[in-house]
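No value in this document is a laboratory result; all are computed from the given coordinates. Everything numeric in this text was worked out from a predicted model, so none of it was measured. Here the Cβ positions follow ideal geometry from the backbone for every residue, glycine too, while neighbour counts run over all protein chains shown.
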Amino acid sequence: MSRWNKIILIADDFVSLLFPRLCQACNEPLVRNEKLICTSCMMDIPRTGYHLQRDNPLEKKFYGRCYIQKAAAWTYYRQGGKAQKLIYRLKYGGIRPLGHFLGGLYGNVLKSSGFNEDLYCILAVPLHRSKEKKRGFNQSTLIAEGMAKTMGIPYINNIIIRTKASETQTNKHRYDRWENVEGIFSVINTADIKDKHVLLVDDVITTGSTIEACTAELLKIKGVKVSVAAIATAEK
């Protein structure tokens, strides 16, 4: 190691001592080479393995509701769990790099399993422009961008939009969630994905109502096939 590199490492340690980098899941200090999530939390986060399972519980969630090719999620969304904390820090803490990090992490998992075979592009479930302006970003877009980079598939952001500002889905029952999102999406560039297989990305899938409504619009385009991926999903 060169003298200059040693100086950089010492300076980095000094800065970390004064302004410690914290794990976004447990708030404990990160050690060198850890990024955003500590090794302990990374090992503790349960994986679904859905990308390796046909007819997995997430795919079954959409049976009889909309035709989806494949569906997968990285982990489970549990009350008080690490996934909930990570998504909260991303959405409401404004930790944008966390979106790219999680997307890139799961994108690598999907790519290594062949999940991305024949996918043309990646789309993100859109926010209404008023909510995106208020928050400053769309968390699903950040995740989709991270996935696109590691999977080697383009992310396209001008295919589907949210035309109505819906209420938050939190604490709504399944039927109320569907009513809340029915008819709120619109496809604006149909030619770009005609006869293509697209991957629709969201941060969390609970009842699946938002994905269902979004997919319903995409499937109106001739020849389109839709697969779904999320960072987390409800277990039941």
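Of note:
- Per-residue packing, averaged as other Cβ atoms within 10 Å, sorts the ranges 128-141, 31-44, 102-115 into the order 102-115, 128-141, 31-44, beginning with the highest.
- Efficiency of FRET from Cβ geometry, D195 and N33, R₀ 30 Å, rounded to 0.05: 0.10
- Karplus (6.51, -1.76, 1.60) ³J(HN,Hα), θ = phi - 60°, over segment 40-53, in Hz, Gly and Pro reported as x: 4, 5, 4, 6, 7, 6, x, 9, 7, x, 5, 5, 9, 10
- Checked against a 31 Å cut-off, the cross-linked pairs K111/K164; K82/K194; K35/K222; K82/K222; K85/K111 give Cα-Cα distances beyond that limit for K111/K164; K82/K194; K35/K222; K82/K222.
- Available extension along the chain between Q79 and R47 is 9.9 nm, counting 0.36 nm per residue and deducting the alpha carbon span.
- The Cα atoms of segment 47-233 give a gyration tensor whose axes a ≥ b ≥ c have a/c under 1.5, which makes the shape rounded.
- Segment R21-K220, extension gain: residue separation times 0.36 nm, minus the distance between their alpha carbons: 67.0 nm
- FRET efficiency for E117 and R54, using Cβ-Cβ distance with R0 set to 22 Å, rounded to 0.05: 0.95
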